[in-house]
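What follows is a short report on a single structure.
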Amino acid sequence: MNILLSLFWIFLKINLLSTSGSASIGLLYSETVGGLLTDEQFVQAVGLSTLLPGSDALQLAMFVGYTVAGIPGSLISIFAAVLPPTVLMLGLVLMLHRFQREAWVSRFVEGLTPAVAVLILTVAWKMFSAGGDVDWKTITLGAISFIALIKNAPAPLVLLGAGIAGIFLFQ
C-alpha cells in the first residue's frame with residue numbers, strides 16, 4: 001500500500017478511536033513502530049511533541065509523517081489528524097444553525113450565560129485569593145472591560161483590547 005495512504009489511515013483511525021493527546025500514544029506506538037518507525041524514532045517523536053508548545057497529537061502526526069515520507073507525509077498526517085474533529089464540529093454547527101430559530105435553543109443559551117459568568121468569577125476569585133496581584137492597574141482594566149461589555153461592545157474586541165492593554169500595563 002502507498003506510504004501516504006498508510007499514514008492517512010493510521011492517523012484517521014487514531015483520531016477516530018481515541019481522544020488524542022497522551023491517550024493516543026499507545027495506539028500510535030502499536031500502529032507505527034516496527035513498520036514505519038523504530039523505537040528510537042518513536043521516543044524522539046514523543047519527546048519532541050511534549051517539549052514543544054501546542055497539541056501533542058498534532059505534533060506527533062507532523063513528526064511521524066515527516067520522518068516517514070517528508071513534507072507530503074507530514075501534510076497527509078496532519079490532515080488525517082484534524083479531519084475527524086473538523087467534521088464533527090461542522091456537523092454540530094450545521095445542526096445548531098438549523099435549530100437557531102427554535103425557542104428552546106435560545107432559552108438554552110440564555111440559561112448558560114449566568115452559569116458561564118459564575119464560572120469565570122469563581123476562577124478569578126481563586127486566582128486572586130491564591131496570591132494574584134490586585135493593584136490599581138488590574139482593577140482599572142477589569143472595570144473598563146466590564147463597562148465595555150455592558151455598553152454592548154463586541155466581546156472578542158474587548159478581550160483583544162484588554163489583552164493588548166495588559167501587555168503594556170504589566171511589563
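For R101 and L51, calculate 0.36 nm times their separation in residues minus their Cα-Cα distance, and state this gained length in nm to one decimal.
So the chain would gain 13.5 nm between R101 and L51.
What list do you get for W9, W136, W125 if you sort them by fewest beta carbons within 10 Å?
Starting with the residue having the fewest Cβ neighbours, the order is W136, W125, W9.
Taking a point 7 angstrom from the Cα of Q44 along the C-beta vector, which residues in the range 61-86 have backbone N less than 20 Å away?
Only 61-78 fall inside the zone, counting backbone N under 20 Å.
Would you mind checking the tilt of helix 155-169 against the longest principal axis of the Cα atoms of the chain, expressed as 0 to 90 degrees and rounded to 10?
90
Over the range 25-168, what lengths in whole Å, largest first, do the semi-axes of the equivalent ellipsoid take, defined as the square roots of 5 times the eigenvalues of the alpha-carbon gyration tensor?
41, 25, 14
What ranking of V68, V33, V46 emerges when the number of other C-beta atoms within 10 Å of each C-beta is taken as an exposure proxy, fewest first?
Lowest count first: V33, V46, V68.
Stretch L169-S18 to full length: gain in nm at 0.36 nm per residue minus the Cα-Cα span?
So the extension gain works out to 50.1 nm.
How large is the charge dipole for the chain, taken about the Cα centre, if only the Cβ atoms of Lys, Arg (+1) and Asp, Glu (-1) carry charge, to the nearest 20 debye?
The dipole magnitude comes to about 620 debye.
Could you list F168, F42, F128 in order of exposure, starting from the residue whose Cβ has the fewest other Cβ atoms within 10 Å?
F168, F128, F42
Name the residue from Q59, F146, L16 whose Cα lies farthest towards the positive end of the charge dipole of the chain, charges +1 on Cβ of Lys and Arg and -1 on Cβ of Asp and Glu.
Value: F146.
For the chain, with the dipole built from +1 on Lys and Arg beta-carbon atoms and -1 on Asp and Glu ones, taken about the Cα centre, which of I25, T86, A115 lies farthest toward the positive end?
With unit charges placed on the Cβ atoms, the residue in question is A115.
With just the Cα atoms defining each centre, how far is the range 82-100 from the range 104-164? Give it in Å.
With the range 82-100 and the range 104-164 each reduced to a Cα centre, they are spaced 27 Å.
Calculate for the chain the 222 nm mean residue ellipticity that helices alone would give, adding -39,500 (n - 2.57) per DSSP H run of length 4 or more and normalising by residue count, nearest 500 deg cm²/dmol.
After summing the helix terms and dividing by residue count, I get -27500 deg cm²/dmol.
Which residue fluctuates the most in the chain, going by a Gaussian network model with Cα springs under 10 Å, if the choices are M95, M62, M127?
In the Gaussian network model the winner is M127.
Compute the acute angle (0 to 90°) between the alpha-carbon long axis of helix 39-51 and the principal axis of greatest extent of the alpha-carbon atoms of the chain; round to the nearest 10°.
Taking the Cα atoms of the chain, the angle to 39-51 is about 10 degrees.
To the nearest 10 degrees, how steeply does helix 56-99 sit against the main Cα axis of the chain, on a 0 to 90 scale?
With rounding to tens, the tilt is 50 degrees.
Which residues does a label at N2 reach in the range 53-72, if reach means a backbone N under 20 Å from a point 7 Å past the Cα toward the Cβ?
62, 64-72
Values in this text are rule-based calculations from the coordinates and carry no lab data. Only a predicted model underlies this, so the values are computations on that prediction, with no experimental measurement involved. For neighbour counting, all protein chains shown are included, and Cβ atoms are generated from backbone atoms with ideal geometry for every residue, glycine included.
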